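J.: This is the structure, below, for whatever I ask next.
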2 protein chains.
Amino acid sequence: MKYCSECATPISVRIPEGDSLPRYVCNHCGTIHYRNPRVVVGCVPQWQDRILLCRRAIEPRHGYWTVPAGFLENDETTREGAARETREEACAEVTIGSALSMTHVVHVNQIHLMYRAQMNQADFAAGEESLEVALFRRTEIPWDELAFPSIRFCLESYFADLDRDREDFHIQDVRRPMHPTPPAGGDS
Amino acid sequence: MKYCSECATPISVRIPEGDSLPRYVCNHCGTIHYRNPRVVVGCVPQWQDRILLCRRAIEPRHGYWTVPAGFLENDETTREGAARETREEACAEVTIGSALSMTHVVHVNQIHLMYRAQMNQADFAAGEESLEVALFRRTEIPWDELAFPSIRFCLESYFADLDRDREDFHIQDVRRPMHPTPPAGGDS
Ligand SMILES: [Zn+2]
Ligand SMILES: [Zn+2]
């Protein structure tokens, strides 16, 4: 951020009065330009005893496997966003179920929120951002070729809950790639 | 948003190539300025058989009661953010517990994520954004003077779970104030 989006004056970085952190501030019109974490929504689409994964055609992590997921847009619910991303990346229609996991990737300011989902039929294909899309049995999951910590976490949580016949919500904070912080209470 | 924050050229609104929605686009440097939902984090601070509420000294909903909550900052976890807001608004130190509720207020593009919390001691006071701060027994909650649908939802979820001796995670989508959409599956 170099210029004020309201008046085109060059931006300063300083701590506004009554605040405690440095902000992007316009000294001309007074606007404070806050920067906030962004939300990524996705799902684990299930068809019978298999789940649907996409191999990424885009950076970062080109060529690695992911569940369908992407940035939440304004004016859609998180479930609508997860279904939209599944349509765009895997050309599949799903019914979104319970909330599965939230991975907060703190160092990139992203919150990855994943849902369980049922595929409405066995139709799918690679969307523009996918090299290929395929159904995997649990024993076939490419664990060593997953794109992000949030993908591993959501799939581990998914199968752990399947074993216990539960549908819990799982939370993980990640400060650096692949180095989760301690769970509940450890970071307060 | 009127000017490009990268090059100070006036912004256009159009659908970029390969996209499906109108965006704020700079025709000079090509930057697409995405706008995304923001995350609010908060908690229900508990002390013995009471919970801590704050009466708002700021708009919107000046004079109404809320749990401590505010916008998540970059570079902090959601639990750290909830504890920070409690410190700022109620001058209280808490230990954050399990995730309680997520209310997505779609028409204002805000996701309100609430945690359970324990107060570390019975100390509290009104911060700059609060008129007063007080501990309430369940029977004393000012249900008709709560600031937002997300506050009512998190408190209802909190007490319902207390009755069942559970700590579940509760999700609600709100399209207009006080008119929740149907629960799980109804909006997919
Ligand atoms: Zn300005
Ligand atoms: Zn520009």
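J.: Tally time: how many residues in region B:78-118 are more than 9 Å from chain A (Cβ to nearest Cβ), under 24 Å from A:V41 (Cα atoms) and aliphatic (A, V, I, L, M)?
T.: The total comes to 4.
J.: Based on what the data block shows, is A:R79 farther than 28 Å from A:D165 by Cβ and of a type in the set (K, R)? Walk me through it before giving the result.
T.: On the way: farther than 28 Å from A:D165 by Cβ: no; of a type in the set (K, R): yes.
Answer is no for this residue.
J.: Let me ask something else. Please go through (1) within 11 Å of chain B (Cβ to nearest Cβ); (2) hydrophobic (A, V, I, L, M, F, W, C); (3) more than 19 Å from B:P37 (Cα to Cα) for A:W47 and return the number of the only condition it doesn't satisfy.
T.: Result: A:W47 passes all but (1).
J.: Still on this structure, please answer the following. Among the residues in region A:67-77, are any within 11 Å of another protein chain (Cβ to nearest Cβ), among the β-branched types (V, I, T), surrounded by 12 or more Cβ atoms within 10 Å (Cβ to Cβ) and touching a strand residue (DSSP E or B) at 6+ places or on another chain (Cβ under 9 Å)?
T.: Yes, the conditions are met somewhere in region A:67-77.
J.: Another question, if that's okay. Just checking, does region B:18-29 include any residue being in contact with a Phe, Trp or Tyr (Cβ under 9 Å, 6 or more places away or on another chain) and under 28 Å from A:H104 (Cβ atoms)?
T.: yes
J.: Another one. Go through (1) closer than 23 Å to B:I111 by Cβ; (2) modelled with pLDDT under 95; (3) assigned by TED's automatic domain parsing to the domain that holds A:A92 for A:E128 and report which single condition fails.
T.: Failing condition for A:E128: (1).
This table checks each residue for (1) within 16 Å of ligand 2 (Cβ to nearest atom); (2) in a loop (DSSP other than H, G, I, E, B); (3) of a type in the set (S, T, Y); (4) assigned by TED's automatic domain parsing to the domain that holds A:E145.
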residue: A:E6; (1), (2), (3), (4): yes, yes, no, no
residue: A:P16; (1), (2), (3), (4): no, yes, no, no
residue: A:H28; (1), (2), (3), (4): no, yes, no, no
residue: A:V44; (1), (2), (3), (4): no, no, no, yes
residue: A:R55; (1), (2), (3), (4): no, no, no, yes
residue: A:A82; (1), (2), (3), (4): no, no, no, yes
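J.: Moving to a separate point now. I need a count of the residues in region B:78-98 that are more than 14 Å from A:P37 (Cβ to Cβ) and either surrounded by 23 or more Cβ atoms within 10 Å (Cβ to Cβ) or touching a His at 6+ places or on another chain (Cβ under 9 Å) (or both).
T.: So the count comes out to 8.
The values are calculated or read from the model by the stated rules, or taken from the named source; none is laboratory data. Keep in mind it's a predicted model, so treat the numbers as computed, not measured. Neighbour counts run over all protein chains shown; Cβ positions are idealised from the backbone, glycine included.
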